[in-house]
Amino acid sequence: MQNIAGLIIDMDGVLWHGSKPLPGLEAFFALLRERKLSFVLATNNASLTQQQYIEKLASMGVAVEAKEVLTSSMATATYLRENLPETKRRVFVIGEQGLKQPLTEQGFVLTDLYEVDQPQKGIEGVGADIVVSGLDRTLTWDKLATATLNINAGALFYATNSDTTLPTELGEVMGNGGILAALEAVTGVKPISIGKPEPILYQQALKLLGTSEDNTIAIGDRLNTDILGAVNAGMRSLMVLTGVSSQNDIDTVEYAPTWVLDDLVQVTEVLRQL
């Protein structure tokens, strides 16, 4: 490893499983601080706010600043504000506070259940211009129905990410991809996804770091998001084997991480030798 000015680091499956920190977490961040190596924690998980991630890491003995945390929700809100006209500001959200807060901070108005335009009845201007779906652990039929009605009425359909699963202490559980599959099946509309493996999240992280694709390394655990996202963004990548993907999985895809290491303990050992 050479020419490293910054790291973009995934969280679920790399730093922890659910609420359980993975071995070597504190030593890894201690080395980054010691070497003054800049980093951004960039996650597809849209359920928590930036502040909640800061507090979660603090509970594990690691202090990070707001500028060092970027969620797919934050990236989605920024992307929508920068790329959609100001007339598109009403959003129906399937998601938790981690998605709702960035959208409201960027000036979007959140619509409620069954607020849907019905021109045939003279009801207009109450529905959503955009439907955005993120991980939602309070998902209900009413939320899915409202999203369906809005999409069928012409609302744009976006997703914070398309992860089919989420690693937890008990194993992998359903991720946002399951919600997207349901909505796509009933509406026939495929969402535009902002998170990994699309390059948008990594590109925003690079702006925060002030580094380039050439001198930044992405660290992740999932081939089809973290690693493919790095490939799509033109970056080198390091895969750890503490999350979703295994060493054998690499042989099943047409791309590969630049390096593979067992866990954060090994990553720290390698970085310390540089």
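Results, tabulated for the structure shown:
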quantity	calculated
Of residues in the range 1-24 being of a type in the set (A, V, I, L, M, F, W, C) and over 20 Å from the mean Cα position of the chain (by Cα), the one farthest from Leu70 (Cα to Cα)	Met1
Those residues of the range 49-83 which are touching a residue at least 60 places away in the same chain (Cβ under 8 Å) and basic (Lys, Arg), in sequence order	Lys67
Number of the exception - Met174 against (1) farther than 22 Å from Ser19 by Cα; (2) in contact with a Leu (Cβ under 9 Å, 6 or more places away or on another chain); (3) free of Cβ contacts under 8 Å to residues at least 60 places away in the same chain	(1)
Unmet criterion (only one of (1) of a type in the set (D, E, K, R); (2) closer than 25 Å to Glu82 by Cβ; (3) without any contact (Cβ under 8 Å) to a residue 12 or more places away in the chain) for Lys121	(2)
Hits in the range 163-222 (condition: at pLDDT below 95, part of a loop (DSSP other than H, G, I, E, B) and exposed (fewer than 15 other Cβ atoms within 10 Å of the Cβ))	Glu169, Leu170
Hey, Glu115 in contact with a helix residue (DSSP H, G or I) (Cβ under 9 Å, 6 or more places away or on another chain), in a loop (DSSP other than H, G, I, E, B) and surrounded by fewer than 18 Cβ atoms within 10 Å (Cβ to Cβ) or not	yes
Count - residues of the range 15-44 that are assigned to a loop (DSSP other than H, G, I, E, B), closer than 15 Å to Thr168 by Cβ and touching a helix residue (DSSP H, G or I) at 6+ places or on another chain (Cβ under 7 Å)	3
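The values are calculated or read from the model by the stated rules, or taken from the named source; none is laboratory data. All of these numbers come straight from a predicted model, not from anything done at the bench. Quick reminder, even Gly has a Cβ in these numbers, built from the backbone with ideal geometry, and neighbours come from all protein chains shown.
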